[in-house]
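Reviewing the structure listed below.
The values are calculated or read from the model by the stated rules, or taken from the named source; none is laboratory data. The shown structure was predicted, so the numbers you read here are calculated from the model rather than taken from an experiment. Cβ coordinates were reconstructed from backbone atoms using ideal geometry, including for glycine residues, and neighbour counts include every protein chain displayed. All accessible areas refer to the heavy atoms of the entire protein, side chains included, with ligands and DNA or RNA removed. Shrake-Rupley method; radii C 1.70, N 1.55, O 1.52, S 1.80 Å.
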Amino acid sequence: QLQLVESGGGLVQPGGSLRLSCAASGFTLDGYAIGWFRQAPGKEREGVSCISSSSLTHSADSVKGRFTISRDNAKNTVYLQMNSLKPEDTAFYYCAAYRTEGMCLMRRASFKFWGQGTQVTVSS
């Protein structure tokens, strides 16, 4: 069974940090592009950061300089390091995957496998 499982969410104060993990089971992430998306209440799901199978990355303007996506193929895991968190970063965060050797395109329709998500709340 192919699964992506997110972890690492929680409650953090503004300016704080969290590291989210996305662990794959049932398949290897090698050869897959991985994206992190988020959805706040009443809003559309939006792309946050994306990493290609060759570890090229890009991120949404709203998180550039604060969030870093990385992958460890040996651990079959992708990470999202989130620093300088703001209340507007509060959302449910999802990781997703699709098989490609090219650039990671942060379009929801491209992604075939999705995790169940983890809640991130930034509040004092």
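On full extension, the segment bounded by ALA74 and SER7 gains 22.3 nm, given 0.36 nm per residue less the C-alpha separation. Here the dipole of the stretch 37-124 is about 140 debye; that uses its Cα centre as origin and unit charges on the Cβ of Lys and Arg (positive) and Asp and Glu (negative). For LYS86, the aspartates and glutamates whose Cα comes closer than 17 Å to its Cα, not counting residues fewer than 8 places off in the same chain, are GLU46, ASP61. Does the stretch 71-124 classify as rounded, prolate or oblate by the C-alpha gyration tensor (a ≥ b ≥ c root eigenvalues; a/c under 1.5 gives rounded; else a/b over b/c gives prolate, otherwise oblate)? Since a/c reaches 1.5 and a/b is larger than b/c, the shape of the stretch 71-124 is classed as prolate. Ignoring the sites themselves, what is the longest stretch of the chain with no GluC sites (Glu not before Pro) in a DSSP loop and at most 15 other beta-carbon atoms within 10 Å? Looking at the chain, 45-100 is the longest stretch - no exposed GluC sites (Glu not before Pro) with at most 15 other Cβ atoms within 10 Å. Counting only protein heavy atoms and a 1.4 Å probe, the chain has 50 square angstrom of accessible area per residue. Solvent-accessible area assigned to carbon and sulfur over the stretch 18-124 amounts to 48 percent, based on a 1.4 Å probe.
Given labels modelled 7 Å from the Cα in the Cβ direction, how far is it in nm from LYS86 to HIS58? Placing both labels 7 Å beyond Cα along the Cβ direction yields 2.1 nm.
I want to make sure I understand the PRE zone here: with the label point 7 angstrom from the Cα of MET103 toward its beta carbon, which residues in the stretch 46-72 have backbone N atoms less than 13 Å away? It comes to 50-52, 56-59, nothing else.
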